[in-house]
Each structure stands twice: as C-alpha cells, then as structure tokens.
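Here, each number is a calculation from the coordinates, and none is a lab measurement. Keep in mind it's a predicted model, so treat the numbers as computed, not measured. Don't worry about glycine lacking a Cβ; one is built from the backbone with ideal geometry, like all the others, and counts go over all protein chains shown.
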2 protein chains.
Amino acid sequence: MSETPKSDLIVGVDLGGTKILAGVFTPQLKLLQSAKLSTKSSRGFEAVVERVARCVRDAVDEADLSLKNVKAIGIGAPGAVDPESGEVIYAPNLDWKNAPLKKELEKRLEVPVFAENDTNLCTLGVHEVELKGRPRHLLGLFLGTGVGGGLIIDGKLYRGFNRTAGEVGHMVIEVGGPECGCGNKGCFEALASRTAIFRRIQERLKEGGKTVLTEMLGPGLADMKSGDLRKAIKRGDKLVERVIEEAAEYTGIAVANLINILNPEVVVLGGGVIDALEGEMMSIIVETAFDYAMPGTTSGIEIIASKLGDNAGITGGAVLARQRLK
Amino acid sequence: MSETPKSDLIVGVDLGGTKILAGVFTPQLKLLQSAKLSTKSSRGFEAVVERVARCVRDAVDEADLSLKNVKAIGIGAPGAVDPESGEVIYAPNLDWKNAPLKKELEKRLEVPVFAENDTNLCTLGVHEVELKGRPRHLLGLFLGTGVGGGLIIDGKLYRGFNRTAGEVGHMVIEVGGPECGCGNKGCFEALASRTAIFRRIQERLKEGGKTVLTEMLGPGLADMKSGDLRKAIKRGDKLVERVIEEAAEYTGIAVANLINILNPEVVVLGGGVIDALEGEMMSIIVETAFDYAMPGTTSGIEIIASKLGDNAGITGGAVLARQRLK
C-alpha cells in the first residue's frame, strides 16, 4: 500500500454510448483502480458530463485518493473530436454536436482534461503500453456495437486533415450489401460489428434456422451478448458458428484492404466482439487477410488480438494525458 | 537557347509495362525534352534495361545535351521497389523479381540512379510540381491498365513497413465481384481500370448491346483505346456512357473509402483513363465520393484531376532524384 504514489496520477476515461469507464493510473501507466457507470445519453450533454465527473471521482475514491493527487485526465469519446479545443464535433451515438467536453469537465473537476476519438485512444493505449511503442506503423481495429479504427504512423497518432482519419468501419467492401447505420450499403461495420452479427442471426432464425440461443435467451433472443455467441458455439451451434465465420472472413478482407493501402507493421484487433470471440475468429481473420493481401505486402507483418480488452480506452486516455502534459 | 542550363540536369524515367518515357528537367524541374520507346518486356530484364538507357540517351540528345550534363536519374517501375537498393522486388507486368534496376542502369549510364514505385513517383510529382508541395496529406490515384496509388503523409512519401503502401487497386470493394488479375474478386482495379472497362464493354456487346465502337474499330473492337470511349460518348453511345458511369461510381466509392480511412487534404486522380475521360468521369467521382464519405470527413477536401497527364511519372522521377541528391 505504501508503494502507491500519492501524486502525479493520471485518469483515463472511456466514454461510450452505453457505459463510462474511468481508471486511475500511476505516472508509469500502471492501472490502480477503475470505476464504471452507465452513460444515460438520453439525459443530454450536461447530465452525461456530470456522470463522467462522478465516474472519475469514484475511481479516485476506489484508489483511496483524492482529485488533488490527479495531474491530468485523458478522455475518449465515440465520434470526431478536436484534440486542441477538446470539443466533440460529432458523436452520433451520443447525439452530440460541437459539445465542449474538455471545458465542461475541467470546470467540474479542476484538473486539465485532454480529449480524443475513442478508437484513436484505444490504438494509442495498445501501442504505448501493450506493444511498448515498438511498431513505427500500427493499425488498430475495434469491433463492438460499431467498428472503429486508429492509425499510428511514424510512431505518432495520425489524424488527417479533418482529424477524422481511421473511420475504417465505413469502408465499403460489398457494394450493394446490407444497409449500414450511416445510410450507405455494404460498409465493413454493416458486415462484422456486433449489430451486424446479431441482425444476421435474427435473419437466419426467421428463415427457419435453429440455434441454441433460443433455449438460452428465449425466442426473441433478448439481451443477446457476444459472450452468448461463444457459449452457443461451444455447445455445437452450427448457425452461430457460420455467422461468426462469415463476420471473421469479412474482417479478414477488411484487414487485407488496409494492409494493401497502409502496409502497417502490426494490425491489432480489439473491442467487445474480439474480446469475447478471439478463439473463434482470429485464425480465420489472419488466414483470410494473408490470403487476400497482395504478395510482398505481408512479409513480417503481425495480426494480433489486444490483451488490454475493456481497458484499452482508459489506458489510451492515460497515455494521451501523459503525452500532452509534457 | 542560351538560357538552357548545361549542367545539374535531372532525368525522370517512367518505366511502364508497354512503354518507357524519359524526360530531361532543369534543376528547377522545368521539362526540357522527352523521348519515348516501347518496353518490349518479353525480351527480358537485360534488354529492357538497355532500352531504358537508350531512351535516356535519346531524351538528352533531343535537348542537345550529353549525359555529362546529367547529375541524377529518378525512375519509376510498376511494382514493389526497394528505394535504398534500387531493386525491383516484384513487378508482375514486367515479370521481374529482385531485378537490380539501379545497379544495372548506373553501370550503363555512369550517373546516379534512384528507383521507386511508379505511382508513388506520380504522386510525388503531382505533390511537388503541380501542387507546389502544399497539401500535408495527399492521396494519388492512377487509373490505367491497372489502378495504383501513392500517399504523401506529413509532406513526405509514405511507404509503410514493406514499402508497399498505396496498393489501393487491390482494395476489395465488391466481395464476390468480377475477378481481378491478382486472383481475388471485386478489387477496385477489377471494376474501374481500363482493362475492367474494356472487358465490361465486350460483355455488354455479347449480351446484344449496341455501340458505335464496332463501326469505329470493327466487330472485335481491336486496339480499343480510352480515347475511343470518349469519342463514342460524344457520338451519343449509351452503352459506353453507362459503362463509364459505372466505373466512375466505383471510383467514387473507392475515393470515399480512402477519405474515411486516411482523411487526406487533397485526392488527385490521374492515369490514362482519367486523362482521356476526365470530362465524363470526374463530376460523378466527386459526387459519389462526397455522398459516401462520412459526415465531417470531407470538409475542405479537394478531389481533382491532375494536369500533368503522361508526364506525372517523369516529373516524379525528377523530384525523387533531386530529393535524394540533397
């Protein structure tokens, strides 16, 4: 206990469409404690900011510390974020436009706040902490409710002209394919996100397919989670197995596209879908990607699943805050 | 005449699957003279290197100069090139593997040679000469027999881990679509290259479609060129018009994908197909790209056709040689 440093701590926050996660980190990026709250985005911007502040206070309290010990906060939000002003320019899942996240959080917590896109932060966290900053060029790909990505180029987070680079979920890979939430058809997200996987299972069920999920969750498949799919496959469910295989194949094709375009040294996959179904999906993803990528592009390239799981976002938040304080 | 500098000249070479183009440039990158030869790749590596050397000598002779006035040569080859060793690692259109292009050319010409991938060079030429080095992040997209690309990131040519970045032609955008020369299906190249366009016209013809091309070129459409398609459209040919519209729509979707992923400031299009059909294709490409790209990604972004035409490659060769001499 006496080894816990009492100052210069950093808090990383992952603000998602459904939950808020906050973690207290040492200056060496060791996670001490974390706290979780639901987002309740329907209550509006002010209420969500209030909940983020509460989640930060909860995490600090869990570590038997106070906000006075915290030097900076790094937060990721699901949308386009201006890293200078800390404004969330556009976050469809929260229904926010031009929301002054940094300013409002700093007002409440009196600690410097730095904001960034959520999957950019996940990629930054994996790069700095899990991979020790090694790859010069890294692509992060996160499959959850949606699909997001992040790019490290020449050792630094790459944001592009409008700071929106890494929107890999809306790469069209099947013209005329299933409709995406964005209005287009055949986006990677519409083929391999949790939403897409669940929709495909429901469709197969309506076509007369059989799955143990109806036993497990009832005929409407209420409250289906990625973990349920893993359990179903373990119980020999062919319908779920085939849907997950298809999602993994689409993901492999998307990874091959990105290797052809960007030729990163490492591709790291994460997010709830990968965390729950790594064993079922990763070998198919890797095989398909190496099969589809052009000869010569994949030599020495690694395609791996992140071990940070749910903590990728808060870890990246801590990395960002530490970088920006320097 | 007396203003032509007599020393420190640079030669840029564009080595393609069917033709070799060499241009003599002033140190300020003004093109003085150029020369052209067919490649005759079937004669093998040594013979092609000999022809490249001859083409360089021809261009220098056209400018009433000698190789003694040339300080360096920059050459682009259609494949993966190691920019350090100047070796062509893999060039399917030339049937080359690990071909020591730099070494063999330097032996023949006794001038320093620098080699690079051809569409990387085109992108470099457009960035430095046509756009005066302005955009920090630029994507070049070249539609000819195949489709190639190049990336400028943070003002510099970006090559990636295996120096193969920018292989945008093999981005799959229609899973299960038409077969590509690479063995995959539904690659951008299989949907919008000259090869793809010609194949689609032949298919429509076999399905009973009517086109003035059969009048212009005979029933087999022998020696069809991109320029013939423009002439056919000008004569009101609906079949050709529709095929070109489709290729432009696919190109627009590919551009949107790349804007979502990379968020460049400028996307520049070039290559034989665009040079011949700019008027017919560009407005559809721009409209489709802006329609498919995510909100917020396109603000202030330009999508333009290069004005360098056939000279993009030799211009980029001169830029490369000038950079590497410094």
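Expressed in nm², what is the orientationally averaged projection area of the convex hull enclosing the Cα positions of the range B:135-306? Mind dumping the intermediate values first?
On the way: hull surface 41.3 nm².
Averaging across all directions leaves 10.3 nm² for the Cα convex hull.
Considering every residue in B:172-179, what mean count of other chain Cβ atoms within 10 Å of its Cβ is obtained?
Working: counts 11, 7, 7, 9, 2, 3, 0, 0.
For this peptide, the per-residue mean of nearby foreign Cβ atoms is 5.
With springs only between Cα atoms under 10 Å apart, run a GNM on chain A and tell me which of A:Ser299, A:Ser41, A:Ser226 wobbles the most.
Of A:Ser299, A:Ser41, A:Ser226, the most mobile in the Gaussian network model is A:Ser299.
Using the structure shown, select from A:Lys36/A:Lys132; B:Lys19/B:Lys107; B:Lys40/B:Lys68; A:Lys71/A:Lys307 the pairs with a Cα to Cα distance greater than 24 angstrom. Display every interim value, and only then the final one.
Working: A:Lys36/A:Lys132 27 Å; B:Lys19/B:Lys107 22 Å; B:Lys40/B:Lys68 28 Å; A:Lys71/A:Lys307 27 Å.
Table pairs above 24 Å Cα-Cα are A:Lys36/A:Lys132; B:Lys40/B:Lys68; A:Lys71/A:Lys307.
Quick one: give the max-minus-min coordinate of the C-alpha atoms of chain B along each principal axis, largest first, in Å.
Sorted largest first, the three principal extents are 58, 49, 40 Å.
Using a Gaussian network model of chain A with C-alpha springs under 10 Å, which one of A:Asp82, A:Asp14, A:Asp291 is most mobile by mean-square fluctuation?
The residue with the greatest mean-square fluctuation here is A:Asp291.
Which of B:Gly181, B:Ile197, B:Phe161 sits farthest toward the positive end of the charge dipole of the range B:142-238, with +1 on the Cβ of Lys and Arg and -1 on the Cβ of Asp and Glu?
B:Ile197
Give the average, rounded to an integer, of partner chain Cβ atoms located within 10 angstrom of each Cβ in A:296-306.
Details: counts 9, 10, 3, 4, 2, 3, 1, 0, 0, 0, 0.
The shielding value for this peptide is 3.
Suppose R0 equals 35 Å. What FRET efficiency, 1/(1 + (r/R0)^6) with r the Cβ-Cβ distance, do A:Thr26 and A:Ser85 give to the nearest 0.05? Before the final figure, lay out each step's value.
Details: r = 29 Å, r/R0 = 0.82.
Using R0 = 35 Å, I get an efficiency of 0.75.
Based solely on its DSSP helices, what 222 nm [θ] is calculated for chain A when runs of n ≥ 4 H residues each add -39,500 (n - 2.57) and the sum is averaged over all residues, nearest 500 deg cm²/dmol?
Working: 10 runs with 126 residues, N = 326.
Computed ellipticity for chain A at 222 nm equals -12000 deg cm²/dmol.
Considering every Cα-Cα pair within the range B:95-205, what fraction, in whole percent, is farther apart than 21 Å? Could you put the intermediate results ahead of the total?
On the way: 3130 of 6105 pairs.
Result: 51 percent of Cα pairs exceed 21 Å.
Between B:Asp64 and B:Glu246, what is 0.36 nm times their sequence separation minus the Cα-Cα distance? Round to one decimal in nm. Let's see the in-between values first.
Values: separation 182, 0.36 × 182 = 65.52 nm, distance 4.67 nm.
Computed gain between B:Asp64 and B:Glu246 is 60.9 nm.
Specify, per residue and in Å³, the volume enclosed by the convex hull of the alpha carbon atoms belonging to the range B:11-113. Each step should come with its number before you reach the end.
Numbers: hull volume 8.7 nm³, N = 103.
Value for the range B:11-113: 84 Å³ per residue.
What is the P(r) of the protein assembly as shown, as percent of Cα-Cα pairs per 20 Å bin from 0?
19, 46, 28, 7, 0
Relative to the Cα centre, what is the charge dipole magnitude of the range B:135-306, using +1 at the beta carbon of each Lys and Arg, -1 at the beta carbon of each Asp and Glu, and rounding to the nearest 20 debye? All intermediate terms of the calculation are to be shown ahead of the outcome.
Details: 18 positive and 22 negative charges, 74 e Å.
About 360 debye.
Report the charge-dipole magnitude of the protein assembly as shown in Debye, nearest 20, computed about the Cα centre from +1 at each Lys and Arg Cβ and -1 at each Asp and Glu Cβ. Walk me through the numbers on the way to the answer.
On the way: 80 positive and 86 negative charges, 135 e Å.
For this selection, approximately 640 debye.
Using the Karplus curve 6.51 cos²θ - 1.76 cosθ + 1.60 with θ = phi - 60°, work out ³J(HN,Hα) for each residue of the range B:15-29 in order, rounded to whole Hz, and write x for Gly and Pro.
Working through the residues one at a time gives 9, x, x, 10, 9, 10, 10, 10, x, 9, 10, 6, x, 8, 6 Hz.
Could you tell me the distance between the Cα centroids of the range B:272-287 and the range A:241-264, to the nearest Å?
Comparing the Cα centres of the range B:272-287 and the range A:241-264, I get a distance of 30 Å.
Lysine pairs, Cα distance under 26 Å, 8 or more residues apart or cross-chain: how many in the range B:135-306?
Eligible lysine pairs with Cα atoms under 26 Å apart amount to 12.
Suppose you put the label 7 Å out from Cα in the Cβ direction; list, shortest first and in nm with one decimal, how far A:Arg324 is from each other copy's label.
In ascending order, 4.2 nm.
Most mobile of A:Ala192, A:Ala312, A:Ala35 per a Gaussian network model of chain A (Cα springs, under 10 Å)?
Comparing A:Ala192, A:Ala312, A:Ala35 in a Gaussian network model of chain A, the most mobile one is A:Ala35.
Given a Förster distance of 45 Å, report the FRET efficiency between A:Arg108 and B:Phe290 from their Cβ-Cβ distance, rounded to the nearest 0.05.
On the way: r = 39 Å, r/R0 = 0.86.
Between A:Arg108 and B:Phe290 the formula returns 0.70.
Can you list the copy-to-copy distances for A:Lys97, using a point 7 angstrom from Cα toward Cβ, in nanometres, shortest first?
5.6
Taking each label point as 7 Å beyond Cα in the direction of the beta carbon, state the distances from B:Gly208 to the same residue in the other copies, shortest first, in nm.
So the distances to the same position in the other copies read 3.5 nm.
Using only Cα atoms and rounding to the nearest 10 degrees, what angle (0 to 90) does helix B:272-292 make with the longest principal axis of chain B?
Roughly 60 degrees, rounded to the nearest 10.
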